[in-house]
1. What's log10 of I(q)/I(0) for region 89-234 at q = 0.13, 0.14 Å⁻¹, Debye sum over Cα points only, no solvent?
2. Put HIS152, HIS188, HIS82 in order of accessible area, largest first, 1.4 Å probe: what do you get?
3. How do the peptides 261-269, 133-141 rank, highest first, by the average count of neighbouring beta carbon atoms within 10 Å per residue?
4. If you place +1 on the Cβ of every Lys and Arg, -1 on the Cβ of every Asp and Glu, and leave all else neutral, what size is the dipole of region 6-250 about its Cα centre, to the nearest 20 Debye?
5. Among 38-51, 271-284, what's the highest-first ranking by average C-beta atoms within 10 angstrom per residue?
6. Could you work out what % of the accessible surface of the chain is carbon and sulfur, using a 1.4 angstrom probe and leaving DNA, RNA and ligands out of the count?
7. Between ARG133 and VAL260, what is the FRET efficiency for a Förster distance of 35 Å, r being their Cβ-Cβ separation, to the nearest 0.05?
8. Going by the alpha-carbon gyration tensor, a ≥ b ≥ c the square roots of its eigenvalues, is the chain rounded (a/c under 1.5) or, if a/c is not under 1.5, prolate (a/b greater than b/c) versus oblate?
Amino acid sequence: MAETPKSATTSAKKRKLNAPAMAMRKRVNGDDALVMVTAYDAPGARVASEAGADLILVGDSLAMVVLGYDDTLQVTVDDMAHHTAAVARAKPNCLIVGDLPWMSYHVSVEETIRNAATLIRAGAEVVKLEGGRKRLAMIEALIDAEIPVMGHIGLTPQSVHAMGGFKVQGKRAEAALELVEDAKALAHAGCCAIVLEGIPVKVAKMITDAVDVPTIGIGAGPDCDGQVLVYHDVLGIEDRFVPKFVRRYADLKSASVDAVAQYADDVRSGAFPNDAESYHMADDEADALGLYGS
Ligand code: KIV
């Protein structure tokens, strides 16, 4: 029997997701798992869209995988807006989630709304922010301003110093219950989905069962309502550190190094460019310049 082409599952044009539709997606109701991947520019957005991802997260992981910083604390609202706009220009068939960077939603409600509006004007359709109950006032204000919010709890990278490193959270029963309470509060406040990062499988399942909005896991096991991975990890572009929860589907770093090395060899040997890769002028024009056989 002929094999079903791989693209058959991904290329059929699906309806673009919106925030209210996403908020209803629960696997317990028989819905498909949500697929989210990060992207930071137009080519990445086209790849995510053509691959059939439901959501693109313009994550503040931008800081680490694109801009070369050691943590996510260095990116600004302007950085995030710049990259969100690049993603949006590709008009992907995916819901675009813009990450609010560190200190953009911590100071005041006014600043939070202004910063979120900057991301929405750049093309985000939902904003994501990190933290549980202590972020409720900001979340409620954003939702009140008609801005859909995605929560993010567990290993929240913007808290790297407060956590003492990038450490799995909720390993102890008491901490796990705190996370369940955080998730319930975020769902109750109106978050349209909650990212669960770096928490034990059983805790992610407890949270997923406890809330009626979808959970989207990264390093949170298979029981979430969706999964998210960083683009550079999926494609093997980032090879310096590969967390346990990452599955690589390609090795583009090696493929890229090989390709550029081949180009360098061809330039040095004179094999590039060849005749077909060069422009030519008409013989009579060349003759007029005294150049024969241009
Ligand atoms: O910035 C990011 O890429 C994220 C995901 C890891 C969830 O927040």
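The values are calculated or read from the model by the stated rules, or taken from the named source; none is laboratory data. It should be emphasised that the depicted structure is a prediction, and the values quoted were computed from it without experimental measurement. Cβ: placed from backbone, ideal geometry, glycine included. Neighbour counts: every protein chain shown. Ligands, DNA and RNA are stripped out before the accessible areas are found, and what is left, the full protein with its side chains, is counted by its heavy atoms. Shrake-Rupley method; radii C 1.70, N 1.55, O 1.52, S 1.80 Å.
1. Computed log10 I(q)/I(0) values: -0.55, -0.64.
2. HIS188, HIS82, HIS152
3. 133-141, 261-269
4. Charge dipole of region 6-250: 760 debye, to the nearest 20.
5. Details: 38-51: 20.6, 271-284: 8.9.
Ranking, from highest mean packing down: 38-51, 271-284.
6. Details: 8750 of 16040 Å².
Carbon plus sulfur share of accessible area: 55 percent.
7. For R0 = 35 Å, the calculated efficiency reads 0.10.
8. Taking the square roots of the gyration eigenvalues as a ≥ b ≥ c, the chain is prolate.
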